[in-house]
Amino acid sequence: MNDQTLSPASPIDLALDTDSVTDKLLEKYSRETVLSVRRWSANLFSFVMTRPAHFRFTAGQFARIGLEIAGEAPIVRAYSVVSSPFAETLEFFSIVVPDGAFTSRLNSLKAGDQLLLERIPYGYLTLARYQEPVPQDLWLLATGTGLAPFLSILQDFSVWSSYRNIVLAYSVRSDDELAYVDEINSYPEIFADHNSAAFKFLPIITRNPNAALHARLPVLIGNGGLERAAGIPLNPYSSHVMLCGNPQMVDDTRNALKARGLTMNRRGVGNIAVENYW
Ligand code: FAD
């Protein structure tokens, strides 16, 4: 062998390396094209990308999305799918964390850019996990971008025929962080008929004392304010409660629900299912 073949810096070797790295990457991920980006506020945006035929998911699941960076391993993060499982494209709702490795880069995303999408979806924040109690009242409790999986669940026809009541409580700090309001208000018209679940949308704006609901979710559960606003009770016999978003909110809300006699859902039995975003 001569030196040239041994040298790792040979352009031919580098090309082979790059090809094999790319091949390996594409075993796990597909490359998808961003179709549109929608800004909600300085630190919130949504994006839509192409959906490959192989990517099948259940409403409530999350995808793993990656950014390719020249000469480095891709940065990959979990993202709940916003879209209906029946949609032709995939939509996601993102925070911008100013120093965040992923979102500080994702913030400059535009139509035509490419993102990696791991080939399989993940997660158990899905309605299939509930067997007992049987579906009656569904409570979807979100902070911030934790709204995302509930948007997908609400765009699945089966949820509307399975439950008699659906409550979506969506907590944000300020009015400008309240995203998807028009879409949420349009869901009953699109997905429900006269036999379907009654739907109550309860926005909570914690830094707006004039908002109809402005206390944190655990407080609103403890003082009965959430149930009064929803017009139905929370109880172990009829409530399925899903929590998603800020881990502190998830913990405190879970404890407030347990104090009311509700239990964690395990092996199909129990009321509460949770997903922490960090
Ligand atoms: P990171 O280094 O990942 O996070 C830095 C810090 O930013 C965290 O410690 C936390 O304080 C804060 N942070 C992270 N994510 C959020 C958030 N969503 N809202 C407010 N503060 C946050 N993020 C989304 O924006 N949309 C989603 O649909 C989404 N789905 C997720 C699903 C799952 C199962 C999990 C585990 C996480 C999900 N996340 C989602 C969080 C996401 O994976 C990243 O953490 C986020 O994109 C920030 O990445 P980063 O590298 O910029 O910062």
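The values are calculated or read from the model by the stated rules, or taken from the named source; none is laboratory data. In this text the structure is predicted, and so the values were computed from the model without any measurement. Glycine also receives a Cβ, built like all others from the backbone with ideal geometry; neighbour counts cover every protein chain displayed.
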Unique match (being of a type in the set (Lys, Arg), more than 16 Å from the ligand (Cβ to nearest atom) and either closer than 28 Å to residue 78 by Cα or surrounded by fewer than 17 Cβ atoms within 10 Å (Cβ to Cβ) (or both)) among 228, 216, 207: 228
How many residues does the stretch 112-161 contain that are closer than 26 Å to residue 176 by Cβ, among the aliphatic types (A, V, I, L, M) and surrounded by fewer than 17 Cβ atoms within 10 Å (Cβ to Cβ)? 0
Mind counting the residues in the stretch 89-115 that are within 11 Å of the ligand (Cβ to nearest atom) and of a type in the set (A, V, I, L, M)? 5
Here's a check for you: in the stretch 4-36, which residue that is of a type in the set (Lys, Arg) and part of a helix (DSSP H, G or I) is modelled with the lowest pLDDT? 24
Check on residue 187, aromatic (Phe, Trp, Tyr), assigned to a strand (DSSP E or B) and more than 23 Å from residue 207 (Cβ to Cβ): no
For a quick check of your reading of the model, give me the residue pairs whose first member lies in the stretch 234-261 and is of a type in the set (Asp, Glu), whose second is within 16 Å of the ligand (Cβ to nearest atom) and outside any loop (DSSP other than H, G, I, E, B), with beta-carbon atoms closer than 9 Å and at least 6 apart or on different chains. 251/274; 251/276; 252/217
Please work out which one of (1) within 14 Å of the ligand (Cβ to nearest atom); (2) touching a residue at least 24 places away in the same chain (Cβ under 8 Å); (3) out of contact with any strand residue (DSSP E or B) (no Cβ under 8 Å at 6 or more places or on another chain) is the condition residue 73 fails and give its number. (2)
So for the stretch 200-208 (the condition being touching a Lys or Arg at 6+ places or on another chain (Cβ under 9 Å) and of a type in the set (A, V, I, L, M)), does at least one residue qualify? yes
Of residues in the stretch 59-70 being within 14 Å of the ligand (Cβ to nearest atom) and surrounded by fewer than 19 Cβ atoms within 10 Å (Cβ to Cβ), the one nearest to the chain's Cα centre (by Cα): 64
